[in-house]
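Enquirer: Before I ask anything, let me first share the structure, which is written out below as structure tokens.
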Amino acid sequence: MERVRVLVTGVYGLIAGELCAWLQAQPERYEVWGLARRRQPSARAPDQRSLEIADERFVLSDLSDLDQLARAFSGMDVVVHLAADPRAEADWESVLASNVAGTRHVFEAARLAGVRRVVYASSVMVCWGYQREEPYRSVAACRFDPAAAASLPIVTHEHPTRPTCLYAASKVWGEALGRVYADVHGLSVLCLRIGWVNAVDTPWAQPGLAPIWCSRRDVVRLLELAVTAPREVHYDIFFAVSRNALCWVDIEHARQVLGYVPQDSAEARRPAPAPPAKGSGVRS
């Protein structure tokens, strides 16, 4: 089987580094390159992770130089675009440079280089505004009864987007731009609306985010499925979230199209209750 040549942008970030290491561990299937604006882990990456990328497979670049990106993408089958300013509070200048202009450069460089597919990292935050109304507001506030989970209306990729910040709006732009490059230029574009992924890999650091938590293992698996999806999957949008009881976004679509079966859930990662303190008067 011919190996897939994959380039990962923002390779020293949290998710990108996990994906790069996972693909590198399968050298019979993948040839992996990385691109980043500096050769050091991002602030969000796990402290203990060691990512080894050979010099000949690493490109030092930001997203501002279209010509350099096109040269870096030459010969690649798939580009996984994970580089971005991920901050919800990011100002317009940073969002414009990294997430708007930078994303356009990635798609255009992929077109110029003859790349077959771009896997674009979007965000569940493109639907964040749904949490302003019930029942999603109660879910985010940890007031929704888990016993009623089966009645929770699910937001799908066909619902209107509802971003609440410039970062999320820039991700809507990326999805729309991907549609342009798919329909007009024939580039395969798969967009993943990634849920809450964190370095400590737990949903309970912020319980209100547990419903849209995605484990590092699950997000990497879905990214790999997007890389290897059949050619007839030309353009689509998928939510990258683990199998959480109060998940209010649709992961069934990813199962039907890509075969995504999340391995983790917020409930399975719930910490055990702390034992009562000595002398508290509580009997076991």
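The values are calculated or read from the model by the stated rules, or taken from the named source; none is laboratory data. Computed from a prediction, not measured in an experiment: that's the story for all the values here. Positions of Cβ are generated from backbone atoms using ideal geometry, with glycine treated the same way; all protein chains shown enter the neighbour counts.
Enquirer: Quick check on my filter: what residues within segment 67-95 are touching a Ser or Thr at 6+ places or on another chain (Cβ under 8 Å) and either surrounded by 24 or more Cβ atoms within 10 Å (Cβ to Cβ) or not in a loop (DSSP other than H, G, I, E, B) (or both)?
Expert: 68, 69, 72, 79, 80, 81, 82, 83, 84, 95, listed by residue number.
Enquirer: Suppose the filter is more than 25 Å from residue 170 (Cα to Cα) and in contact (Cβ under 8 Å) with a residue 60 or more places away in the chain; does residue 77 pass it?
Expert: Considered against the rule, which asks whether it is more than 25 Å from residue 170 (Cα to Cα) and in contact (Cβ under 8 Å) with a residue 60 or more places away in the chain, residue 77 comes out as yes.
Enquirer: Filter segment 37-58 down to the residues that are hydrophobic (A, V, I, L, M, F, W, C) and at pLDDT below 95 and list them by number.
Expert: 43, 45, 51, 53, 54
Enquirer: Here is a check on your reading of the model: is residue 27 assigned to a loop (DSSP other than H, G, I, E, B) and at pLDDT 95 or above?
Expert: Judged against the criteria, residue 27 is a match.
Enquirer: Enumerate the helices (runs of 4 or more DSSP H) found wholly within segment 127-240, keeping only those where 2 or more residues are crowded, with 18+ Cβ neighbours inside 10 Å, within 16 Å of the chain's Cα centre (by Cα) and in contact (Cβ under 8 Å) with a residue 60 or more places away in the chain.
Expert: So the answer is 166-185, 216-228.
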